[in-house]
1. Please list the radius of gyration and Dmax for the stretch 43-84, considering alpha-carbon atoms only, with Å as the unit.
2. Go through the stretch 146-153 residue by residue and turn each phi into a ³J(HN,Hα) via Karplus (6.51, -1.76, 1.60, θ = phi - 60°); whole Hz please, and just put x for glycine and proline.
3. For Asn97, enumerate residues with amide H under 5 Å from its amide H, sequence gap 5+ or separate chain, H modeled in the peptide plane.
4. How big is the Cα convex hull of the stretch 151-213 in projection, averaged over all directions, in nm²?
5. How large is the dipole of the chain about the Cα centre if only Lys and Arg carry +1 and Asp and Glu carry -1, each at its Cβ, rounded to the nearest 20 debye?
6. Hey, what's the chain come to in accessible area per residue, 1.4 Å probe, Å²?
7. Quick one: Karplus J couplings for the stretch 24-39, per residue in order, coefficients 6.51, -1.76, 1.60, θ = phi - 60°, nearest Hz, x for Gly and Pro?
8. Nearest 5 percent is fine: what portion of the DSSP beta bridges confined to the chain is antiparallel?
Amino acid sequence: MVKDIITGRSKFLQRIISIIPKELRLRLNPHRHANEHFIRLAAINCKEGSKILDAGAGPCPYKYLFSHCNYEATDFNDPHGLMDFVCSLDKIPKKDNSYDSIICVEVLEHVEFPQKVVNELHRVLKKNGTLYMTIPMMWQLHQEPYNFFYFTKYGIESILKQSGFKEYKIEPMGGYFKFLADAIRFNGIINQYKDHPLMYYPLKIIFFPFTDIVIPFILFHIDFLDKERKWTMGYLVSAKK
């Protein structure tokens, strides 16, 4: 009974958040905010009818942004039937120079041989085509055991150079305060007590408004105070072939 009551209240809070306008809601999730705005700009830069590969597409959350393009999605499996083809990203079954642009969102940390993957993305990208990647530098372990690496900007630069990219831009996803907001929002401490509902659900109800709404919102809007941005969630990368 107690579990049902507390679970109901938790779902009620989630429904309240869902009615907040999307742009405002994204400010409660700085990692997703950075990714979505970056890929939205990438989509704007893609010409109508251009051929796009979403490499490591998962549930294809950005497909709608490329409705004006010839969009293809691939991943190493296809549990939802969304992929145009299935492959390992270090062996893409496409000819050289196949795509005008490639997006690769939060994927590189999940591949065992990232250099081979970026080499392959470079191969199937057309000359003057652009690779758009978002790559985390610091985050919790996730999708285990397929969580192999996190990257600094110097590591990303090294991989791009070795792949043959000569023109690229590597920008941090915000600074220290957005990093803190992201860490607090995805608090793994409370989730460790899921098997103890009398502890887990009260903690979730008590802390949810602060960890998922108030604190992230404040930290998001004071991130400008960090000028160096050496503490960052990750990087937004655009590289031209």
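1. 10.3, 30
2. Once θ is set to phi - 60°, the couplings for the stretch 146-153 become 8, 9, 8, 9, 10, 10, 8, 5 Hz.
3. Answer set, sorted by chain and number: Val124, Leu125.
4. Values: hull surface 25.2 nm².
The directionally averaged projection comes out at 6.3 nm².
5. Working: 32 positive and 26 negative charges, 94 e Å.
Dipole magnitude for the chain comes out near 460 debye.
6. Values: 13510 Å² over 241 residues.
Roughly 56 Å² per residue, with all protein chains present.
7. 3J(HN,Hα) across the stretch 24-39, in whole Hz: 6, 5, 5, 6, 8, 9, x, 5, 5, 4, 5, 4, 5, 5, 5, 6.
8. Working: 13 of 29 bridges.
Bridges in the chain that DSSP calls antiparallel: roughly 45 percent.
The values are calculated or read from the model by the stated rules, or taken from the named source; none is laboratory data. Note that the structure is a prediction, hence the values are computed from the model and not measured. Ideal geometry is used to build each Cβ from the backbone, glycine not excepted, and the neighbour counts take in all protein chains shown. With ligands, DNA and RNA removed, areas are computed over all heavy atoms of the protein, side chains included. Shrake-Rupley method; radii C 1.70, N 1.55, O 1.52, S 1.80 Å.
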